[in-house]
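Colleague: First, the structure itself, so that you have it in front of you.
Just so it is clear, none of the values below were taken in a lab; they were calculated from the coordinates. Every value quoted in this text rests on a predicted model; they were computed, and no experiment measured them. A quick note on method: Cβ atoms are made from the backbone with ideal geometry, for glycine too, and the neighbour counts reach across all protein chains shown.
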Amino acid sequence: MDPGLRAGPQVQQIASFVLPDTMMSTHLMKGHGSKVLLLVSGSELVLFTIHGLQLAAFQDHQKPITSVCVDQSRVITSSFDLSLRVYMWKKDNQFPVLKSCYHLLGGSHRWASGFTQVESDSVSIAGVEARSAGTSVLRSYYFQVQRGRGDRVG
């Protein structure tokens, strides 16, 4: 090899699996680390290992999930049911698992058709709520975690 040429990254497939029949209409997918995948089908959020072992399934939303935000501490889903669902990662044996923690409600179904997008960082959540009239509203939420006696974080 010519010393002036740099080799590109070496990429190889490490795993594959057949999705269950119920997941054929998967429209969202996110990864978490090198061992776990999150797949969304309709209103269901499913956690798989990269080898296809299903670790958990959540059916917390009443209408289809529209967006998923994943970070090191949590997963947040948005839906046409006008809610944001917050899940926390916890370590269980060799794979991380999710625990459903709480949900945040948007506006009224009279005016809105649901959340279409969600993003988050370590202290806040922002969700885009689509309005029936064709406009959108940005809703922001702030994490304020209680620790011990009167100490607040965030």
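Colleague: So for GLU119, GLU129, GLU44, fewest C-beta neighbours within 10 Å to most, what's the order?
Modeller: GLU119, GLU44, GLU129
Colleague: Rank the residues ILE50, ILE125 as a footprinting-exposure proxy: fewest other Cβ atoms within 10 Å of their Cβ go first.
Modeller: If I rank by nearby Cβ atoms, fewest first, I get ILE50, ILE125.
Colleague: Give the residue list of trypsin sites (Lys or Arg not before Pro) in the range 1-45 that are DSSP loop and have at most 11 other beta-carbon atoms within 10 angstrom.
Modeller: Here the trypsin sites (Lys or Arg not before Pro) that fit, given the DSSP loop and packing criteria, are ARG6.
Colleague: Estimate the FRET efficiency between LEU19 and TRP111 by the formula 1/(1 + (r/R0)^6), using the beta-carbon distance for r and 30 Å for R0, to the nearest 0.05.
Modeller: 0.25
Colleague: I would also like to ask the following. Of LEU19, LEU47, LEU98, which is the most mobile in a GNM of the chain whose springs link Cα atoms less than 10 angstrom apart?
Modeller: Looking only at LEU19, LEU47, LEU98, the largest GNM fluctuation is found for LEU19.
Colleague: Also: Full-extension gain between LYS35 and HIS103, please, as 0.36 nm times their residue separation minus the C-alpha to C-alpha distance.
Modeller: Here the segment from LYS35 to HIS103 would lengthen by 21.8 nm.
Colleague: Once you have the Cα-Cα distance between ARG6 and LEU138, take 0.36 nm times their residue separation minus that, and quote the gain in nm to one decimal.
Modeller: Net length gain for the segment: 43.0 nm.
Colleague: Just VAL97, VAL40, VAL11 to compare: in a GNM of the chain, with alpha carbon springs under 10 Å, which one fluctuates most?
Modeller: Sorting by GNM fluctuation, first place goes to VAL11.
Colleague: Moving on to the next point. By how many nm would the segment from ASP92 to LYS63 grow when fully extended, if each residue of separation counts as 0.36 nm and the alpha-carbon distance is taken off?
Modeller: Going from the current span to full extension adds 7.5 nm.
Colleague: Same structure, new question: Mind jotting down the distance between the C-alpha centroids of the range 1-48 and the range 72-95, whole Å?
Modeller: When both Cα centres are located, 18 Å separates them.
Colleague: Arrange the following residues from fewest to most other Cβ atoms within 10 Å of their Cβ: HIS32, HIS27.
Modeller: Ascending number of Cβ neighbours within 10 Å: HIS27, HIS32.
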